[in-house]
Amino acid sequence: MPYRNIRLNPILRLIYLLLRFTAWAGLNVYYRRRLVLGRPNLRFDGPAIVISNHPSTLTDVLNVGLSIRQEMFFLANYSLFRNPVSNWLLTRLYCIPVKRKEDVADGEDRNNDAAFEQSYLHLEQYGVLYIAAEGVSWMNRFIRPLKTGTARIAFGMEARNGWKSEMKIIPVGLTYNRPNFFRSEVVVNAGEPVYARDWAEAWAKDPETAVDILTQHLENQLKGLTIHTRDDAGEQFITRLETMLQQERPLPQEEAFYRSQQLTAKFLDDAVLRERTNAYFDQLAQHGLSEQGLAAFTAPDAGPKTLSDGLRLALGLPFFMAGYGFWFLPCYLPGLVAKKLKLYIGYDSNVKILVGLFTFPPMLWGAWRLAMHYLADGWQALGVVLLFIALGFYAERYLDVLRRVRERQKVAVLARKQADMVKELEKMRRECVRLLA
């Protein structure tokens, strides 16, 4: 079948561009660091299916879609379309409903033929389709078994086009450090394209087996693009190793990500290291201490660092108060709304970003209007707005120093009362770091 470039309603395309810009602004404010790896793999011409793991509900779609120049259609849970208003909106914003087992009641028809047909037609127009391949969203860094829908759509598309469609599957791994926290971090890691045509012979022999093989291959690709800790216990263990090493040998986000992958590959099954690491962190928790605090207290330059931090806090207090005071309400309200809604915690990031779109712009506009009232000069007013933005970043850094000082002070208090206990904790920490060497 000959392909043609997909033609979208110009108004919908304009809406898509507006939403894209809004998402870009929201994500770049919400995340402290947002790193995209494998960008060349996201520069492609359709048809294509883009898949990712699914740890942070709707923000997963945004983090993937922002790096792709084409408009993406989305396979979305059928339950989201039950409401007439959301159904009208989602069907016009490039969403295709898919019925999962948990989306239908007992006895209700779960036929997804229409969704498959719509997906084929979209791909045959050089479209791009996004699928959260795990099918469910849980805030973990390990990859859960993928649903077979991606492979079925890919094989169905190829089979009805004589295996000549050039359709590709782009796997994208998403790794969040704390997905529901404002000013957290995310790594978007795009892998090499996968072509369903490479399994044409297996499909001809046994379609179901081919679907399982391709699905497993895609699952393995996502594991290699993320930090696959296998289960909750593994995630806790690797997180603790990351925390220690980041205090011992701080690295930029990209290098820290690759180091975490190496940690997982090398130490996930190290029973001795896991036992000693967990014992160390359990002791810290028992005494109300943190790894950051102990590392800061026992560092070789602890004395000069303590003095430096104290001076920074004292001298920077007026600037902190200005930045914190200005940005407190816009930052506080999104968290308050998320808390009051009492949704599944995985939706917190979505709620906070959405509410932030209504709290941040008015504050900046208010600063602009107030500056114009007193200064009556557009450039000076702009300077005031930029100053408040800079003060917001400064307040964030100030809070980092303040937390470090507080955590270090907790260790100092314990050291005055139980010096031997702090020495024992330091010994346990050194032993864990030694085993990591």
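We did not get these values from a lab; they are worked out from the coordinates using the rules stated. On a predicted model such as this, the values are computed, not experimentally measured, just so you know. No Cβ is skipped: glycine too gets one built from the backbone with ideal geometry, and neighbour counts run over all protein chains shown.
Basic side chains Lys and Arg get +1 at the Cβ, acidic Asp and Glu get -1 at the Cβ, and with that the dipole of the stretch 10-225 about its Cα centre reaches some 1020 debye. I need the calculated FRET efficiency for the pair Ala299 and Asp269, taking r as the beta carbon distance and R₀ as 41 Å, to the nearest 0.05. Efficiency, from the Cβ-Cβ distance: 0.85. Here the spin labels are modelled as points 7 Å beyond Cα on the Cα-Cβ line, and at Arg39 and Arg183 they lie 2.6 nm apart. Projecting the Cα positions of Leu218, Ala202, Ser349 onto the charge dipole of the chain (unit charges on Cβ atoms of Lys, Arg, Asp and Glu, taken about the Cα centre) puts Ser349 furthest along the positive direction.
Dimensions of the stretch 350-437 along the principal axes, based on C-alpha atoms and rounded to the nearest Å, stand at 64, 31, 24, largest first. Taken over the stretch 199-271, the percentage of Cα pairs per 5 Å bin, counting from 0 up to the bin with the maximum distance, is 3, 15, 19, 17, 12, 8, 8, 8, 5, 3, 1. Taking θ as phi - 60° and the Karplus parameters 6.51, -1.76 and 1.60, the scalar couplings of the stretch 164-179 work out to 10, 7, 6, 6, 10, 10, 9, x, 10, x, 10, 10, 9, 7, 8, x Hz in sequence order, x denoting glycine and proline. The length gained by stretching the chain between Ala376 and Arg20 to full extension, at 0.36 nm per residue less their Cα-Cα distance, is 124.8 nm. Remark: spin-label model distance Asn278-Leu89 equals 4.4 nm, labels positioned 7 Å along the Cα→Cβ axis. For the stretch 282-437, a crude dipole built from +1 on the beta carbon of Lys and Arg and -1 on the beta carbon of Asp and Glu, taken about the Cα centre, is about 300 debye to the nearest 20. Sorted from longest to shortest, the spans of the Cα atoms of the stretch 281-437 along the three principal axes equal 63, 41, 32 Å. Dipole magnitude for the chain: computed about the Cα centre from +1 point charges on Lys and Arg Cβ and -1 point charges on Asp and Glu Cβ, it is near 1300 debye. Cα-based values for the stretch 10-225, radius of gyration first and Dmax second, are 16.9, 51 Å. In sequence order, the stretch 62-69 has phi-based couplings of 5, 5, 7, x, 5, 8, 10, 6 Hz under the Karplus curve 6.51 cos²θ - 1.76 cosθ + 1.60, θ = phi - 60°, and Gly or Pro positions carry x.
Gain on full extension, evaluated as 0.36 nm per residue between Ile389 and Arg434 minus their Cα-Cα distance, stands at 12.0 nm. If R0 is taken as 30 Å, the Cβ-Cβ distance between Arg416 and Gln253 corresponds to a FRET efficiency of 0.25.
So, by mean Cβ neighbours within 10 angstrom, what's the order for 280-287, 190-197 with the highest one leading?
Working: 280-287: 15.1, 190-197: 18.1.
Ranked by mean Cβ neighbours within 10 Å, highest first: 190-197, 280-287.
The C-alpha atoms of the chain define a longest principal axis, and helix 419-436 lies at about 40 degrees to it. Helix 232-248 and the longest principal axis of the Cα set of the chain meet at an angle near 50°.
Annotation note: trypsin sites (Lys or Arg not before Pro) in the stretch 6-49 located in DSSP loop regions with a Cβ neighbour count of at most 13 within 10 Å are Arg7, Arg43. By the helix-only formula, in which each DSSP H run with n ≥ 4 contributes -39500 (n - 2.57) and the sum is divided by residues, the chain has a 222 nm mean residue ellipticity of -20500 deg cm²/dmol. Direction-averaged projected area, Cα convex hull, the stretch 229-339: 10.3 nm², rounded to one decimal.
Run the numbers for Leu336 and Trp365: contour at 0.36 nm per residue of separation, minus the present Cα-Cα distance, in nm. Write down the numbers at each step before the final one.
Working: separation 29, 0.36 × 29 = 10.44 nm, distance 2.22 nm.
Once the chain is fully extended between Leu336 and Trp365, it gains 8.2 nm.
Considering only Leu251, Ile238, Thr277, the residue lying farthest towards the positive end of the dipole of the stretch 177-326 is Leu251, judged by Cα position with unit charges set on Cβ.
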